[in-house]
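Report on the following structure.
The values are calculated or read from the model by the stated rules, or taken from the named source; none is laboratory data. The shown structure was predicted, so the numbers you read here are calculated from the model rather than taken from an experiment. Reconstructed Cβ throughout: ideal geometry from the backbone, glycine too, with neighbour counts over all protein chains shown. When the accessible area is computed, the model is the full protein with side chains, heavy atoms only, and any ligands, DNA or RNA have been set aside. Shrake-Rupley method; radii C 1.70, N 1.55, O 1.52, S 1.80 Å.
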Amino acid sequence: MKINTDGVLLGATATANDPLNILDIGTGTGVIAMMLAQRFPGAHIDAVEIDEQAALTSAENFKNSPFVNRLTCHPLGFEEFFNLYPERKYNLIVSNPPFYINSLQSPGEKLNLAKHAPRGFFASMIDKVAARLTANGALWLILPTDTAGLVKTIARQHYLHLQKIMTIRSFSTDAPHREILSFGMQETPLINDELIIYDGHKIYNPQYRALLKDFLTIF
């Protein structure tokens, strides 16, 4: 789970108006946080990770990156982080969260922690995030399509407005399998977008290549 398509897509697309303070919830090995540091040279990024080994890895990756002075890894769950720093507000909050709700548990404690979340996880995260966004701030998530429906409902209950949906398909003929969602405190016209990853077997779509060319050496 060091680098995955979901993570790099979120890292390449999440944005906000002049995001000087960014929070990455569940940073894993720190890929999304480092991508955001690359995209927004004036930003400081707090990266929260509850898994001890992943947090150690992300801290090491941050130390060896050109962005070391603007990245901080916190080996905590997001609830504990928010309790420790009640005054912090963010222009941009991102998360590639655990999303297999009510599914069969995968073998291995780490994989379970990363991949299986109770329904209450999203309610708790949205509740706390809504209180930490600046007035023009944005929350960006990448989720499977079925989980995205649940999260949209929870966000409405916490007065977060859906501002953008990017639908992700592997191939143009496939059903969507992911949605990148952007929420904010302000109600704005909803923007719908779509991204197709492949044009053929191992042939990347030009839009996908253009989105990730500044981050992946294969492009």
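Surface composition of the chain: carbon and sulfur atoms hold 53% of the protein heavy-atom accessible area at a 1.4 Å probe. Each of Ala43, Trp140, Tyr208 was scored by the projection of its Cα onto the charge dipole of the chain, and the greatest displacement toward the positive side belongs to Tyr208; charges sit on the C-beta of Lys, Arg, Asp and Glu.
Out of all DSSP beta bridges with both ends in the chain, state the antiparallel percent to the nearest 5. Rounded to the nearest five, the antiparallel share is 40 percent. When peptides 18-26, 160-168, 85-93, 197-205 are ranked by their average number of other Cβ atoms within 10 Å per residue, the highest-first order is 18-26, 160-168, 85-93, 197-205. Rounded, prolate or oblate, given the Cα gyration tensor of region 146-217, with a/c below 1.5 counting as rounded? Judged from the Cα gyration tensor, region 146-217 comes out prolate (a/c at least 1.5, a/b above b/c).
Contact order, relative form, for the chain: 17 percent (alpha carbon pairs under 8 Å, 6 or more residues apart, mean separation divided by residue count). Taking every DSSP helix (H) stretch of at least 4 residues in the chain, weighting each as -39,500 (n - 2.57) and dividing the sum by the residue count yields a mean residue ellipticity at 222 nm of -10000 deg cm²/dmol. Per residue, the chain exposes 50 Å² of solvent-accessible protein surface, assessed with a 1.4 angstrom probe and all protein chains in place. For region 1-103, a simple Cβ point-charge model (Lys and Arg +1, Asp and Glu -1, everything else neutral) yields a dipole of about 340 debye relative to the Cα centre. Amide H contacts of Gly137 (H built 1.01 Å from N, in plane; Pro and chain starts excluded): Met185 sit under 5 Å, all sequence-distant by 5 or more or on other chains.
Here's how it looks for Tyr204: its modeled amide H is under 5 Å from those of Asp199, which are all 5 or more places away or on a different chain.
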